[in-house]
Amino acid sequence: MNQEFTIRILGELVNVTETYENMMAVYEGRESSGVVFQPRIKHWYDVNLAAGTLPERYQGMYLDEIYRDLDVTPRQVWGLEGVGSEFAGYLGLQVKEGDDVEVWVKQTHGLFYETKAHDYIITEYRTPKGTMRQVQRLTEHGTSFYNSEYYLKDLEDIEIYKYVLQERTYQWDRLRYEWGKKRFGDLIPLRASLQHSPLMWLMVRTMGFQRTVTMLWKHPKEMEELLQLLEEEFYKQIEAYRGRPVVELSFGDNMHQDMCPPPYFKKYVTPFYRRVMPKVHAQGMYATSHWDGFVKQLLPLVKETGLDGLECVTPLPQGDVTLEEMKEGMEGMFLRDGIPAVLFCPWIKLRTLEDQVRRLLEMFYPRLILGVSDLVPANADIERIRFVNRIVKEFNESL
Amino acid sequence: MSMKKQEELFDEIRGALINFDVEAAKRAALEAVQMGVTAEKVVDVMSEGMDVVGDKYQAGEYFVTELIIAGETMKEVLEVLEPYMEGEAGGKLGTAVVATVEGDLHDIGKNIFVMLITTAGFKVIDLGVDVSAERIVEAVRDSQVDILGLSALLTTNLEQFPMVVDRLKREGLRDKVKVIVGGATVTEEYAEEAGVDAYVKTALDGAEICKGWVKNIRS
């Protein structure tokens, strides 16, 4: 795709590529000249870089250079973490804690790729109300982390967290945006993250799944207050994005029907989105949510949220939904990703991958930004990205 | 205590468990033991209540969240029954060792599976996450284990399944234990090549298979 277009971003006329224009068409619900293929390969890159198993062709390359070599649209290419971080995706806001909130971090490792089993990171928030702490363990090769202890263990920790939230503010990361704009601004519309919706933020990040369920059951009043405070954080974040050239806001969510079954979804998630989405839309932005778990029971409910699209919905054989169920549940919405990650593994027949991609293109164009659900696995055959890209190009030429 | 009164109490215990009424369940359980019912019998009655919870889950009336709450309810009642217990509660169906394999830290599915088979009557040795093949096989070797359950989500960790199976064979343990694996990225082809006895996508399917195996062994 090499045509140029001129569009207006915050009052300014800007030349953009056909890729940019085609992505805007997806957001705006228009037909386009083709589907954009924008897979997440950062995890594959990070693990293989750390393990010393990057294919020789890619050794010494930055992530966006690898995207260019594969001839696909970059995603997660620049941001807070230096090499291999994200411009077009992760948090564009810097958290600023209150003056009397101290954040202490202890970690047992040095180089992240030299981690050993049981290497951990302890983070403590020390406040006038008390101290709360989480312990995270690094995964194999140190490229990701997992909570072995969550911040919120009891009602006392909730009071401390409420204090932290009340004192917290958010700042737009101007420098990161301006750098990324020079490099990718004409290629990919700016996409920024919001944290998980309040219930999922508790379940996935701060309290843990089982404890959140038990606390909702045993202490409903205290938990309602906490959920309300978490919602107010979103209003702060959305306000911090006001006037910025963000096209898409993405809720982290990690939605899974086992963690958030339909009764919870109807009680805690839908009302939240119905309050928040008008504020997003009032700023001229679109919003997606990350649905990477089993979602068969939730898809019929998603239209009521007002979300514009879903990211990472995973069809069979890896997820629990058919493409038809996705299409029906997401009527009027757009899909980001859609190819089950496991199909990029070498033991899966190429024909299976090809059939899945062709069906996705046929069924979801024009409301599709194609990618991998959820991300290319570390032991994937990266050449399958090139293979898929050929199929996408063929499809685009047929339009 | 008359049979009628006993049955009324048992209905109260089952009903309280199914509706997650902790105080009512504790009251009825304590009344039962104080009237001469053994604590072990009360635990059996609670397991019947859990079976109903499991049926409601299967029917789509209850969800994983209700399984957790039911498990918590049962746990609180077991705490008040503990002084009256003579042996260990549960374990009548058999013993299972469960683990998330080495390199993998995902455990929600595993934890749900553990909850389901515990309330079904299995004694469960939960080894946690990131467990080496060596430690898994050691746990099988050290206990009279009927079932080994392994979980993995990351494709890079699936290779642990055939590694564990090979190790079981080398130690002469493979024929003594049924191996079931789970995880969203497991495929039928992979499970077959790995040499396991079953693979599942959901914890509930896994629990049903395990119950079926134990019934077959018994008959």
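So what is the relative contact order for chain B, in percent, with contacts set as C-alpha pairs under 8 Å and at least six apart?
Numbers: 344 pairs, mean separation 35.7, N = 219.
It comes to 16 percent, rounded to a whole number.
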Heavy atoms of B:Val179: accessible area, 1.4 Å probe, square angstrom to 10
0
Could you tell me the distance between the Cα centroids of segment A:339-399 and segment B:61-79, to the nearest Å?
42
Pseudo-spin-label distance A:Lys218 to A:Arg351, built 7 Å along Cα→Cβ, given in nm, is 5.5
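Kindly sort A:Val103, A:Val392 by accessible area of their heavy atoms, largest first, with the probe set to 1.4 Å.
Details: A:Val103 70, A:Val392 5 Å².
Order by accessible area, largest first: A:Val103, A:Val392.
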Starting from 0.36 nm per residue, how many nanometres of slack lie between A:Phe387 and A:Leu155 once their C-alpha separation is accounted for?
78.3 nm
Placing each pseudo-label 7 Å from Cα in the direction of the beta carbon, B:Asp197 and A:Arg275 end up separated by a distance in nanometres of 5.1
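Share of chain A's accessible area from carbon and sulfur, percent, 1.4 Å? Before the final figure, lay out the partial values.
Working: 8450 of 17040 Å².
Its accessible area is 50 percent carbon and sulfur atoms.
Between beta-carbons, use under 13 Å as the cut-off and find the net charge around A:Leu216, counting Lys and Arg +1, Asp and Glu -1. The partial results should precede the final answer.
On the way: positive: A:Arg211, A:Lys218, A:Lys221, A:Lys267; negative: A:Glu222, A:Glu224, A:Glu225, B:Glu66, B:Glu72.
After counting each charged neighbour, the total is -1.
What is the sum of charges around A:Phe364, taking Lys and Arg as +1, Asp and Glu as -1, for the other residues whose C-beta is under 14 Å from the C-beta of A:Phe364? Provide the component values of the computation, followed by the final result.
On the way: positive: A:Lys327, A:Arg336, A:Arg358, A:Arg359, A:Arg367; negative: A:Glu31, A:Glu311, A:Glu324, A:Glu325, A:Glu328, A:Glu331, A:Asp337, A:Glu362.
Value of the local net charge: -3.
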Under the 7 Å Cα-to-Cβ spin-label approximation, A:Gln283 and A:Ile7 lie apart by a distance in nanometres of 1.8
Carbon/sulfur fraction of accessible area - segment B:1-127, other protein chains in place, 1.4 Å, %:
50
Give the accessible area for B:Ile180 in Å² (nearest 10); use a 1.4 Å probe, count only protein heavy atoms, and leave out ligands, DNA and RNA.
10
Between segment B:103-163 and segment A:186-265, the Cα center-to-center distance that results, in Å
31
For the protein assembly as shown, how big is Rg over Rh, using alpha carbon atoms and the Kirkwood form of Rh?
0.98
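Taking a 1.4 Å probe, which of B:Tyr57, A:Tyr58 shows the most accessible area, and what order do the others take after it?
Details: B:Tyr57 40, A:Tyr58 0 Å².
So, going from the largest accessible area down, we get B:Tyr57, A:Tyr58.
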Can you compute the FRET efficiency between A:Glu178 and B:Lys75 using 1/(1 + (r/R0)^6), with r the Cβ-Cβ distance and R0 = 45 Å? Round to the nearest 0.05.
0.25
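How long is the gain from A:Gln59 to A:Glu328 if the chain were fully straight, where each residue apart is worth 0.36 nm and the alpha carbon distance is subtracted? Please report the intermediate quantities before stating the final value.
Values: separation 269, 0.36 × 269 = 96.84 nm, distance 4.29 nm.
Separation in residues times 0.36 nm, less the Cα-Cα distance, equals 92.6 nm.
The values are calculated or read from the model by the stated rules, or taken from the named source; none is laboratory data. Computed from a prediction, not measured in an experiment: that's the story for all the values here. We place every Cβ from the backbone using ideal geometry, glycine too, and count neighbours over all the protein chains shown. Accessible surface is based on the protein model in full, side chains and every heavy atom, while ligands, DNA and RNA are left aside. Shrake-Rupley method; radii C 1.70, N 1.55, O 1.52, S 1.80 Å.
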